[in-house]
Number of protein chains: 2
Amino acid sequence: MSDTPKDDVSEDTAADRFLQQFTGYRIKRALLVVHEDMTETLVPLGLRVGTFAPLAVVAANPGISQTKLSDVLKIKRSGVVAVVDELERIGAIERKPVAGDRRTNALFMTTAGGRLWQQAEAAIQAHEDRLFTDLTDEDNDQIRDLLSRVILRAERAKE
Amino acid sequence: MSDTPKDDVSEDTAADRFLQQFTGYRIKRALLVVHEDMTETLVPLGLRVGTFAPLAVVAANPGISQTKLSDVLKIKRSGVVAVVDELERIGAIERKPVAGDRRTNALFMTTAGGRLWQQAEAAIQAHEDRLFTDLTDEDNDQIRDLLSRVILRAERAKE
DNA sequence: TATTGTTATACTCTATAACTATA
DNA sequence: TATAGTTATAGAGTATAACAATA
């Protein structure tokens, strides 16, 4: 059996084999790696993994409402409040009233937020280039395409 | 600009485009989809996403120690305690003393745990077949290979 | 009545640090 | 001194439910 104490090699192989078996678990481990490196990338900019995506969406969709942001990012409206609070507190975005509907907040980048977003986007691009350096451009396109198909199919199936 | 209220189409496209841009964010969204479907799959068996992987590792590595399990799954030893407690409480695995070292626990499946694992493995296999049904076998191999390369490279870089 | 944003609350996951018993 | 397991605790992340203001 395995009474011999040559643990390192045999156990690493067992771990790798386990990693091989389930795609879902592999996705989890990949996210772990991405999350850690992404955190190191964003902290110097005063951002977190959880504020990067909302900032990206506001940058690309000026005037978007909190509910719409909630839909796009698939987080609850109560979670959006906390994230928008934080981004507003660091001066990256601001809530503005909407002319026709006094319930709604329209979210806009500030000037400082625009600069921050430029830095963050470049930093995350570099982070992904670094992390996925072993993959060819075709590999990268493929992985994006495959994941997107899984996500979009599943999310549409829920509606 | 975007004063026209034809939100649905244009906003969905914006969301999709955002989803396209960053591989890391796509991995997160994919995990969200996987996690949700996996939970529905495991709950009827009395398992959770967080107990499935440890069960799989113990099934494949009878007698593994908690510290080794911690290494393989990349979770802290304190986290292992809770998970092993839970799996032991539902009668799936058991801690056994190790002859040469009274500090260490050896983890083994119970007979009931073996049956549970058989069911769980089949259920998760079906869940992945269902979730990744749009992908060809080659696509599946590719996605596994690409993710594994990213993970193994990053994890080895940390050592 | 329905929707937007908000608050309060709780639950999961994970991490740190300190402790114990062994080695 | 170092290691295996444990406990206590705290921080993210996310979910639900109830509420006020507005539609």
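The values are calculated or read from the model by the stated rules, or taken from the named source; none is laboratory data. Not measured: the values here are computed from a predicted model. Cβ placement follows ideal geometry from the backbone for every residue including glycine, while neighbour counts extend to all protein chains displayed. Only protein heavy atoms, including side chains, enter the accessible area calculation; ligands, DNA and RNA are left aside. Shrake-Rupley method; radii C 1.70, N 1.55, O 1.52, S 1.80 Å.
If you take the residues in the stretch A:89-143 that are without any contact (Cβ under 8 Å) to a residue 12 or more places away in the chain and within 16 Å of DNA strand D (Cβ to nearest atom), which one is most open to solvent (accessible area, probe 1.4 Å)?
Selected residue: A:102.
Would the stretch B:62-70 turn up any residue that is within 12 Å of DNA strand C (Cβ to nearest atom), surrounded by 14 or more Cβ atoms within 10 Å (Cβ to Cβ) and either within 14 Å of chain A (Cβ to nearest Cβ) or within 23 Å of residue A:23 (Cα to Cα) (or both)?
Yes, there is a match, as at least one residue in the stretch B:62-70 is within 12 Å of DNA strand C (Cβ to nearest atom), surrounded by 14 or more Cβ atoms within 10 Å (Cβ to Cβ) and either within 14 Å of chain A (Cβ to nearest Cβ) or within 23 Å of residue A:23 (Cα to Cα) (or both).
Only one of (1) away from DNA strand D (no atom under 16 Å from the Cβ); (2) under 27 Å from residue B:43 (Cβ atoms); (3) acidic (Asp, Glu) is not met by residue B:86, so which one is it?
Against the list (1) away from DNA strand D (no atom under 16 Å from the Cβ); (2) under 27 Å from residue B:43 (Cβ atoms); (3) acidic (Asp, Glu), residue B:86 comes up short only on (1).
Which of (1) within 11 Å of chain B (Cβ to nearest Cβ); (2) closer than 28 Å to residue A:158 by Cα is the odd one out, the single condition residue A:77 does not satisfy?
It is condition (1) that residue A:77 fails.
Working carefully through the options A:118, A:142, find the one that is away from DNA strand C (no atom under 16 Å from the Cβ) and more than 7 Å from chain B (Cβ to nearest Cβ).
Answer to the selection: A:118.
Can we say residue A:39 is within 27 Å of residue A:129 (Cβ to Cβ), within 12 Å of DNA strand C (Cβ to nearest atom) and either surrounded by fewer than 21 Cβ atoms within 10 Å (Cβ to Cβ) or without any contact (Cβ under 8 Å) to a residue 40 or more places away in the chain (or both)?
Here the answer is yes, as residue A:39 does meet what is asked.
Looking for whichever is over 19 Å from the mean Cα position of the chain (by Cα) and modelled with pLDDT under 95 here; the options are A:106, A:99. Which one fits?
Going through A:106, A:99 in turn, the sole match is A:99.
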